[in-house]
Amino acid sequence: MKYNRILLKLSGEALMGKQQYGIDAERLMQYAEEVRAVAELGVQVAVVIGGGNIFRGVQAEAFGLDRVQGDYMGMLATVINSMALQSALEKLGTPTRLLSGLTIQRVCEPYIRRRAMRHLEKGRVVIFGAGIGSPYFTTDSAASLRAIEVEADVVLKGTRVDGIYTADPEKDPTATRYPQITFDEVMEKNLNVMDMTAFTLCKENNLPIIVFDMNKEGNLQKLLRGEAVGTLVTMNGAEPNLDPKHSGLQPDLHHSSPAASGQQA
């Protein structure tokens, strides 16, 4: 496998499938099957999933609610989605652990970094719920932070489009996809990959990001087998050199070519 340990970021909205709200059982099982397949190949998988199919913290102010309270409500929504994914994975026979940024003793373990890494080493899929447990931070930020903490090789952002484009491909048919791009180019072009806090965390820690279409069956396996899927974001636009002993990423000193260029998850 190209990567030994991954952090997969999924959006809550994606779980709606063709519904307007909530969790679509067919989409949930599709995602669970994709994760099960790569876990059985020996890849260590951590997952962060959003809660936008149930509630987004930023909606609170529109309702006249306190933003902090709304963010905590959003965190609880991510726990619901995490529990659903955990149940789906275990239905397929995949061992899992759900770790939460909020203390909810009856349904999940509290997040402890060493415990999370130990679960990954034992081959369990680790699902991180409740973001980072603090308001004003998105699940993108939680994905970046947890990936850095558990020494993941890459953040895989599963979306409904197949990479980063020059414009929104759902609105502009002339938009072109970038196969590779640098962190600096994404920032210079003001491209929509992650929120700035999450993106900066990855940049400062030299953690590659791949934006890809999670809804296309088999894409996750193809990506991990080294096939050209989605858009790769790195410091220099080149493939990263990974430490075979898995102690994090090493800078690639042999490539200096710029990326093709970058946008829109």
With the condition kept exactly as written, say whether any residue in segment 191-206 is at pLDDT below 90, of a type outside the set (Val, Ile, Thr) and either open to solvent by 50 Å² or more (accessible area, probe 1.4 Å) or out of contact with any helix residue (DSSP H, G or I) (no Cβ under 9 Å at 6 or more places or on another chain) (or both). yes
Select from segment 123-133 the residues that are surrounded by fewer than 21 Cβ atoms within 10 Å (Cβ to Cβ), closer than 11 Å to Val45 by Cα and touching a residue at least 40 places away in the same chain (Cβ under 8 Å) and list them in ascending order. Gly123
For Glu40, only one of the following conditions fails: (1) surrounded by 15 or more Cβ atoms within 10 Å (Cβ to Cβ); (2) within 25 Å of Asn219 (Cβ to Cβ). What is its number? (1)
Sole residue being surrounded by 19 or more Cβ atoms within 10 Å (Cβ to Cβ) and among the aliphatic types (A, V, I, L, M), chosen from Leu92, Leu102, Leu120: Leu120
Name the one entry in Ser11, Ser87 that is surrounded by fewer than 23 Cβ atoms within 10 Å (Cβ to Cβ), of a type outside the set (Asp, Glu) and modelled with pLDDT of 95 or more. Ser87
When you go through Val186, Val211, Val154 one by one, which is the residue that is within 25 Å of Glu34 (Cβ to Cβ), in contact with a Phe, Trp or Tyr (Cβ under 9 Å, 6 or more places away or on another chain), modelled with pLDDT of 90 or more and open to solvent by less than 80 Å² (accessible area, probe 1.4 Å)? Val154
Does Val68 qualify as being under 15 Å from the mean Cα position of the chain (by Cα) and in contact (Cβ under 8 Å) with a residue 60 or more places away in the chain? no
When segment 166-212 is checked residue by residue, the ones that are assigned to a loop (DSSP other than H, G, I, E, B) and of a type in the set (Asp, Glu) are Asp168, Glu170, Asp172, Asp195
Out of Tyr178, Tyr136, Tyr165, which single residue is touching a Lys or Arg at 6+ places or on another chain (Cβ under 6 Å) and open to solvent by 20 Å² or more (accessible area, probe 1.4 Å)? Tyr165
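The values are calculated or read from the model by the stated rules, or taken from the named source; none is laboratory data. Keep in mind that this is a model prediction, so the values were computed, not measured. Positions of Cβ are backbone-derived with ideal geometry, glycine not excepted, and every protein chain shown enters the neighbour counts. With ligands, DNA and RNA removed, areas are computed over all heavy atoms of the protein, side chains included. Shrake-Rupley method; radii C 1.70, N 1.55, O 1.52, S 1.80 Å.
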